Number of protein chains: 4
Amino acid sequence: MEQITIGLFGFGKTGSVVAQEIIEDTNLKLCWVMRNTTMNEGEYASRILGFNHDEGKIFSVKNTDFETFYKLNKVDVIIDFSNPFSVNEYKNAGDLGIRIVSAISNYDEHNFKLLQAMSKKTPVLYSPNITLGINFLIEASKLFKKISPSADIVIIEEHFMKKKSVSGTALRIAHDLDLDSKEHIKSIRVGGIVGTHEVIFGLPNQTIRIKHESLNRAAFGQGAIYAAKWLMDKDKNMYSMEEAVSSLMASSYQ
Amino acid sequence: MEQITIGLFGFGKTGSVVAQEIIEDTNLKLCWVMRNTTMNEGEYASRILGFNHDEGKIFSVKNTDFETFYKLNKVDVIIDFSNPFSVNEYKNAGDLGIRIVSAISNYDEHNFKLLQAMSKKTPVLYSPNITLGINFLIEASKLFKKISPSADIVIIEEHFMKKKSVSGTALRIAHDLDLDSKEHIKSIRVGGIVGTHEVIFGLPNQTIRIKHESLNRAAFGQGAIYAAKWLMDKDKNMYSMEEAVSSLMASSYQ
Amino acid sequence: MEQITIGLFGFGKTGSVVAQEIIEDTNLKLCWVMRNTTMNEGEYASRILGFNHDEGKIFSVKNTDFETFYKLNKVDVIIDFSNPFSVNEYKNAGDLGIRIVSAISNYDEHNFKLLQAMSKKTPVLYSPNITLGINFLIEASKLFKKISPSADIVIIEEHFMKKKSVSGTALRIAHDLDLDSKEHIKSIRVGGIVGTHEVIFGLPNQTIRIKHESLNRAAFGQGAIYAAKWLMDKDKNMYSMEEAVSSLMASSYQ
Amino acid sequence: MEQITIGLFGFGKTGSVVAQEIIEDTNLKLCWVMRNTTMNEGEYASRILGFNHDEGKIFSVKNTDFETFYKLNKVDVIIDFSNPFSVNEYKNAGDLGIRIVSAISNYDEHNFKLLQAMSKKTPVLYSPNITLGINFLIEASKLFKKISPSADIVIIEEHFMKKKSVSGTALRIAHDLDLDSKEHIKSIRVGGIVGTHEVIFGLPNQTIRIKHESLNRAAFGQGAIYAAKWLMDKDKNMYSMEEAVSSLMASSYQ
């Protein structure tokens, strides 16, 4: 199989972990990394991460001419872990057939519309929680609810003490299962727990639990890689990670 | 919806719990219960179980003329929680279009062939572990393995101290996930735990757990009811509980 | 060791399970069972429970002369799983040196005062939740809080859907750990879960969980037996199950 | 309270996390850090870790005169997270009343004897697994076993896939509970789980679980700090972390 070529926006805490995952995956090639600052410009992400070869040359938004950049540095997929504004820098990349995986969680309306406009020209997958496990948990929970509509359902989410608000992922689980989030989500806040989500289904004589534990942020990289591979044979459109997961689940039955 | 009419073989520890579940389900009607002994013959299962109406008249194998019984006491579905020999008593019921749900776990070859022969004439669902939850756990686990083939998998089963052998259900999970049972099943034996099965999927940065806890044997009744309802619009054939669950899961995607 | 002789008040759902536990414990002898009704009067509890010997003759409150009963039927310990009024029937038993284990949960003031008055004459242990496990969970949690006072604490209790109010046991855990129950208890209500209590201690880099799962009400019998044995060498006074458990824990350190 | 002064051996992956914990604890002062290499010599550990003040000046074993070092840089406690040989560098520190906390896991006989010799002159606490949680888990488990000697016990340990051997901590738990490790430890190896140890106590009608989850290696720092504080008022002797934890637990009962 030919390698899928990747351009990565973002090289902060999460971005650099994602870069590492891409470099380690032999099916993918990290062609370049685009940063907001000029830090490490011209160096290779691979070297910074401790690899012994050159992969993922680092560019800076500040010194890049985006009129020509994508022609000279064409990739199969752009993965974006940077910020809501970066879509402005790659909004024309779709004309070249470049696919987009965006894991940005806080788009304003203007920038989100730019992303949506791209999906008229190229496949775009947008998911603020891009881990494989959470999206499986949601899909499997929807299936169990369908099989056993009378089951009682509670969502437990555990996070570190300082996380004040209810987990956005828990809210999405509740939404997708048609549950009132106030009543059905129980939030546990103690110590330094990275992040756990559990859906409990109670029947009179049996209990089913589906539980996802995040160990660290590299889970995002694996999700993005899964999304990038999945986008390769898709038509232009807007997709979610949930669709990527459920379409593969559905294919099991065909 | 018209009630589905049920005949039940078996009124022992499990059978009587199953009878209770059937009586409590307003979509079903328990027409009769067939016992091996003559105990409680002529009484109503409903009365013995504390209900205030007559439902589920008790017959004894010893005093029943099976040439005429099924014509006079036709039902939509026979549910069998008795013993491997009972299939001899209802082997001709398929000619009348009566469907079969068998939860017998230890057929010898001869009796199992009788059951298989019936499936040429009428829909037969056979499942030694007929709970909804376990069959969902298996199907969901197969799906996750498909999405994430590189995940490490371990099956933990917890049961009461005196259960000496590895859980048959755990062996089936291992089989269905293509895992070596010796290596991948961990058996916990302590105290009076009714029965718990958990499949753990480990990825480098996240863990997914699907866990089923049995609270008591009434879970079998609910599974059998689910199977009986599912059989109603099926063609003659041999089915498993796994198929019943997965077909409903598949229908979510169509 | 000589057998400890027991008289049991109550032979309902819980009482009969407690009787079974006592009969099965070779260190104990069930001398009699006192019932409110005249049902099974004169029979043996052991026979009703399926044993092949006579143990635990059944008496009825209605036909018993309590002036003479305890002299003729002296026991080491009375265990009470009946109702708040029974203390009236045994209030003078302390004069004969009979110890009391009361697992009654809803005493009114008058009857509770009778129980307290008995503790001036004989050892009395009173505990509305008399399981060994819950009392250990409380004591161990208090210890961890002492070792690690900065740990965040959450109590999760899981029970069947129909249990509307917060678990009394969870409230007691919160009280004993000096926690605001509204803020620190999370109640899960689904399906048919018998009863689970978990205390989670969160530190920045590790999490400790102590979890108690009730499998069925026989746990009460074991707790009562533990309490009865523990009372044997105690002086007259009012004791709690927590004290019985913690005193044994303390003895580990002396 | 006056600050406890600390000297730290080791500034590798674990050592630097431990340094961070010490700096953040207002009851402690990190006076110096001793490294094997000359890397960062003369800099301050605090600066390297992102603090805005000077704390923990870095020295190198290579350029240090240990004849005079401890007199010029006296501390209350040396904490050692470096390697089995470092004890040679501080073997005379006990003459100055400096206490030792050693978290080294693989001493050879010679170096371990040096450590033991020190305990004739000064308080030494030695613990290869120095987390508070694990030592509490062990002590609490011993207590439950004492209360309920008939309970069945299983130890489950979960770690990342690549950890081949049985967890040393699990082996210690088994040893301390007098259990055959082959029979009672179940090792789960999947994905990237940091480290979880669970002791399950099974009784016929209830189950107790005590579970410790490591989130990251900073847990070692907190344990070492706890040990250092605990050593402050102790007499010269060899102590274990288990003793430090259990003595505080015991003090609850006095």
> Restricting attention to region D:118-162, which trypsin sites (Lys or Arg not before Pro) occupy a DSSP loop and are surrounded by at most 12 other Cβ atoms within 10 Å?
Replying inline: D:Lys120, D:Lys162
>> Quick check: pseudo-label points 7 Å beyond the Cα along Cα→Cβ at A:Ser240 and C:Lys146, how many nm apart are they?
In response: 5.1 nm
>> Viscosity 0.692 mPa s, temperature 37 °C: what is the translational diffusion coefficient of the protein assembly as shown from Stokes-Einstein with a Kirkwood Rh over Cα pairs, rounded to a whole number of µm²/s?
In response: 101 µm²/s
> Taking all protein chains as present, what is the carbon and sulfur share of the accessible area of region D:132-214, in % to the nearest whole number, probe 1.4 Å?
Replying inline: 53 percent
> Under a GNM of chain A (C-alpha, springs under 10 Å), which listed residue has the highest mean-square fluctuation: A:Pro204, A:Pro84, A:Pro123?
Replying inline: A:Pro204
> Percent relative contact order of region A:1-71, based on C-alpha pairs within less than 8 angstrom and at least six residues apart?
Replying inline: 29 percent
> Got a number for carbon plus sulfur as a percent of region A:45-103's accessible area, 1.4 Å probe?
Replying inline: 46 percent
> With the other protein chains left in place, how much accessible area per residue, in square angstrom, belongs to the protein assembly as shown at a 1.4 angstrom probe?
Replying inline: 42 Å²
> Heavy-atom accessible surface, probe 1.4 Å, ligands and DNA/RNA ignored: which residues of region A:207-254 lose at least 40 Å² versus the isolated chain?
Replying inline: A:Thr207, A:Ile208, A:Arg209, A:Lys211, A:Glu213, A:Leu215, A:Gln222, A:Leu248, A:Met249, A:Ser252, A:Tyr253
> So what's the gap between the Cα centers of region D:152-176 and region C:144-209, to the nearest angstrom?
Replying inline: 27 Å
> Can you give the charge dipole size of chain A about its Cα centre, rounded to the nearest 20 debye, using +1 on the beta carbon of Lys and Arg and -1 on the beta carbon of Asp and Glu?
Replying inline: 340 debye
> What total accessible surface area, summed over both chains, is buried at the interface between chains B and D, computed with a 1.4 Å probe and given in Å² to the nearest 100?
Replying inline: 1400 Å²
>> Testing the spin-label approximation: label points 7 Å from Cα along Cα→Cβ at C:Asn27 and D:Lys13. State their distance in nm.
In response: 4.9 nm
>> Mean-square fluctuation check for chain C, GNM, Cα pairs under 10 Å: which of C:Lys234, C:Lys211, C:Lys182 is largest?
In response: C:Lys182
>> Please compute the modelled spin-label separation between A:Ser181 and D:Asp178, points set 7 Å along Cα→Cβ, answer in nm with one decimal.
In response: 5.4 nm
> Structure shown: which of A:Lys74/A:Lys234; C:Lys113/C:Lys236; A:Lys13/A:Lys182; A:Lys13/A:Lys62 lie over 24 Å apart, alpha-carbon to alpha-carbon?
Replying inline: A:Lys13/A:Lys182
> Is the shape of region C:191-248 rounded, prolate or oblate, going by the alpha carbon gyration tensor and its root eigenvalues a ≥ b ≥ c, with a/c under 1.5 for rounded and a/b larger than b/c for prolate?
Replying inline: oblate
>> In region A:166-199, what residues drop by 20 Å² or more of accessible area when the other protein chains are put back, versus the chain on its own? Use 1.4 Å, and skip ligands and nucleic acids.
In response: A:Lys186, A:Ser187, A:Ile188, A:Val190, A:Gly191, A:Gly192, A:Ile193
> Does region A:107-167 come out rounded, prolate or oblate, given a ≥ b ≥ c as the square roots of the eigenvalues of its C-alpha gyration tensor, rounded meaning a/c under 1.5 and, failing that, prolate meaning a/b above b/c?
Replying inline: oblate
> Does region B:85-238 come out rounded, prolate or oblate, given a ≥ b ≥ c as the square roots of the eigenvalues of its C-alpha gyration tensor, rounded meaning a/c under 1.5 and, failing that, prolate meaning a/b above b/c?
Replying inline: prolate
>> List the residues, sorted by chain then number, that are 5 or more residues from C:Tyr239 or on another chain and whose placed amide H is less than 5 Å from its amide H.
In response: C:Val124, C:Leu125, C:Tyr126
> Of all the stretches in chain D, which is the longest one without any exposed loop site, taking GluC sites (Glu not before Pro) in a DSSP loop (any state but H, G, I, E, B) with at most 16 other Cβ atoms within 10 Å?
Replying inline: D:44-254
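The values are calculated or read from the model by the stated rules, or taken from the named source; none is laboratory data. All figures in this text were calculated on a predicted structure; none of them were measured in a lab. Every residue, glycine among them, receives a Cβ derived from its backbone with ideal geometry; neighbour counts consider all protein chains shown. The protein model used for the area step is the full one, side chains on, heavy atoms only, and it has no ligands, DNA or RNA in it. Shrake-Rupley method; radii C 1.70, N 1.55, O 1.52, S 1.80 Å.
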